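The values are calculated or read from the model by the stated rules, or taken from the named source; none is laboratory data. Keep in mind that what you see is a predicted model, and the values were worked out from it rather than measured. Ideal geometry is used to build each Cβ from the backbone, glycine not excepted, and the neighbour counts take in all protein chains shown. Quick note on the areas: whole protein, heavy atoms, side chains included, nothing else; ligands and nucleic acids left out. Shrake-Rupley method; radii C 1.70, N 1.55, O 1.52, S 1.80 Å.
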Amino acid sequence: MLDNLAEAGRYLGQAMRLMVGMPEYSTYVTHMETTHPDQPVMSYEAFFRERQEARYGGGNGKIGRCC
């Protein structure tokens, strides 16, 4: 039962992050490792800062996608 609650909490957290435009860090890491293995992976803090800037226009109209 605790496993089901933990899984439900994880899905709820992921849904909340996606609702505000904040993708999950682990998804980003998986994407970078499979698609761009030659490039460095941002730390969670750098990822969060970059997503915030992309979401709220913090940098030169840059679109926050790598590919």
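Of the residues V29, V20, the one with the largest accessible area comes first in the ranking V20, V29, computed with a 1.4 Å probe on protein heavy atoms.
May I ask you to list the GluC sites (Glu not before Pro) in the range 1-60 that are in a DSSP loop and have at most 16 other Cβ atoms within 10 Å of their Cβ? Hits after loop and neighbour filter: E24.
When the gyration tensor of the chain is built from Cα positions, what are the square roots of 5 times its three eigenvalues, in whole Å, from largest to smallest? Present the calculation step by step, with values, prior to reporting the outcome.
On the way: eigenvalues 126, 56, 16 Å².
Equivalent ellipsoid of the chain: 25, 17, 9 Å, largest first.
Out of T35, G21, G9, whose Cα points farthest toward the positive end of the dipole of the chain (charges: +1 Lys, Arg; -1 Asp, Glu; placed on Cβ)? Of the options given, the answer is G21. Here nothing in the chain passes the span test, since no DSSP H helix has an alpha carbon length of 30 Å or more along the helix axis and a Kyte-Doolittle mean of 0.0 or above. Extending 7 Å from Cα along the Cβ direction at Y25 and again at L12 yields two label points whose distance is 2.1 nm. A Cβ-based charge dipole, computed about the Cα centre of the chain with Lys and Arg at +1 and Asp and Glu at -1, lands at about 320 debye.
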